[in-house]
Amino acid sequence: EVDWFSLASILFLLMFAPLIVYYFIMSCDQYQCSLIDPLVDLLTGRKHLSDIWDKTPTLTYRAAGIYALWVTFQVVLYVFIPDFCHKFLPGYVGGVQEGAVTPAGVVNKYQINGLQAWIITHMLWFANAYYFHFFSPTIIFDNWIPLLWCANILGYAVSTFAMIKSYYFPTNAKDCKFTGNFFYDYMMGIEFNPRIGKWFDFKLFFNGRPGIVAWTLINLSYAAKQQELYGQVTNSMILVNVLQGIYVLDFFWNEAWYLKTIDICHDHFGWYLGWGDCVWLPYLYTLQGLYLVYHPVQLGTANAIGILMLGLIGYYIFRMTNHQKDLFRRTNGNCKIWRKKPEYIECSYMSVDGTKYYSKLLTSGFWGWARHFNYTGDLMGSLAYCLTCEFEHILPYFYIIYMTILLTHRCIRDEHRCFSKYGKDWKRYTAAVPYRLIPGVF
């Protein structure tokens, strides 16, 4: 059943999330990234909504062509070019991999080739920038708002198609979840793993491509625009490109591991993922680079080093925390964490068919510091991105605010699910590891 708070939240997001994205991008285009000035103009009557809308670039054939070519190219890389990186990169897991067991008992196979797609895409980007010159490296920035309309069209189209598909030709009918509430079903999705053919998995494709592959290209386009406008690329822009580039590369290096995360293992595919990955992610996760085009910041050496260290330490915590959990699971606890035998709590749970299962919850290493310490590292990295922009405007700090809300909410979702699954054993675990994110605080 859908409770009233969930329904209210969903209606709010469906109505206002697209407006929030538009407002942020428009404020940079027309108000030098000020979030206050547009409201002041509207409230004082200096401008009307129609004035702002009339100055907004419209959808163009050029942008539509660019976007259609981009998505088509990513589909080709995803579906038709099997991964070869795992054959020569030590430690990288690619090629055909199995996902987690779905609620209906299905184990889907995935073609893991995101790192390969990222490498090919960026090799072509740099080849064009330095040799072929078919298009300007600023092409993304120069068409940013027209591309926003294209991304919205795709986001709504794929979300609507996924809902229709779930009713008439689902990939697996037993993995569909119907609540009877249209808005909830449209937002959160009905089908667990909608697919077309053997390999095109909607959830994996839209989670990773085209949005995350584009993330680093978008930042490179911002850097190129800075060079064009001011004759140099500031160290703050370089930091944004480096730190976010590390995050993106980590995602694709660990794409097989991503199959075990909450996005793939628990979320259904609806507007939340379809539109979110097409619009919300590429447009709001890249606000720091966009801001630095309008407000170039040259950081002092000490500040730049401090921000770099914060970002790298955050990444180290994020990666090592996840590595410890993965190592513990793969070896069933027969490993060493911080050179010691890991500590854990043995838990049991019942499946819907009455079968009893056992699992272990790690309580040592970073997982002894907090129950979601990987999120803590993620938040440290997010803060580092924002600090590159200094403190003149709040717009670039939207990311850390949003990530704090998102990951705190995800903590609560995770723990509600774990309490339902483990019962009294989960209480034993939270007693052993009392903090969620920040040891001694929260």
(request) Could you run through segment 74-132 and say how many residues are touching a helix residue (DSSP H, G or I) at 6+ places or on another chain (Cβ under 8 Å), open to solvent by less than 20 Å² (accessible area, probe 1.4 Å) and assigned to a helix (DSSP H, G or I)? (result) 10
(request) Kindly provide the set of residues from segment 133-142 that are of a type in the set (S, T, N, Q) and either open to solvent by 20 Å² or more (accessible area, probe 1.4 Å) or under 14 Å from ILE81 (Cβ atoms) (or both), ordered by number. (result) SER136
(message) Suppose we keep only residues that are of a type in the set (Gly, Ala, Ser) and not in a loop (DSSP other than H, G, I, E, B) within segment 360-371. Which one would you say is surrounded by the fewest Cβ atoms within 10 Å (Cβ to Cβ)?
(response) GLY368
(request) Please work out which residue is most open to solvent (accessible area, probe 1.4 Å), limiting yourself to segment 228-252 and to residues that are under 13 Å from VAL297 (Cα atoms) and polar (S, T, N, Q). (result) GLN232
(request) Name the residue, out of VAL71, VAL75, VAL96, that is in contact with a strand residue (DSSP E or B) (Cβ under 6 Å, 6 or more places away or on another chain), in the same structural domain as GLY270 (by the TED database) and hydrophobic (A, V, I, L, M, F, W, C). (result) VAL96
(message) Just checking: which of the helices (runs of 4 or more DSSP H) contained wholly in segment 261-342 hold 3 or more residues that are over 19 Å from ARG413 (Cβ atoms)?
(response) 281-284, 287-294, 301-330
(request) Collect the residues in segment 298-330 that are surrounded by fewer than 19 Cβ atoms within 10 Å (Cβ to Cβ) and in contact with a Cys (Cβ under 7 Å, 6 or more places away or on another chain), keeping them in residue-number order. (result) LEU327
(request) Note down all Cβ pairs under 9 Å where the first residue falls in segment 161-181 and is of a type in the set (Phe, Trp, Tyr), the second is outside any helix (DSSP H, G or I), and they're at least six residues apart or on different chains. (result) PHE161/PRO194; TYR167/CYS176; TYR167/PHE178; TYR167/ILE190; PHE178/ILE190
(request) Mind listing whichever residues of segment 337-359 are among the acidic types (Asp, Glu) and surrounded by fewer than 10 Cβ atoms within 10 Å (Cβ to Cβ)? (result) ASP353
(request) Identify the residue in segment 10-23 that is over 18 Å from the mean Cα position of the chain (by Cα) and buried (at least 18 other Cβ atoms within 10 Å of the Cβ) and, among all such residues, is modelled with the lowest pLDDT. (result) ILE10
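The values are calculated or read from the model by the stated rules, or taken from the named source; none is laboratory data. Everything quoted here is computed from the prediction, not taken from an experiment. Don't worry about glycine lacking a Cβ; one is built from the backbone with ideal geometry, like all the others, and counts go over all protein chains shown. These area figures cover heavy atoms from the full protein model, side chains too; ligands, DNA and RNA do not enter into them. Shrake-Rupley method; radii C 1.70, N 1.55, O 1.52, S 1.80 Å.
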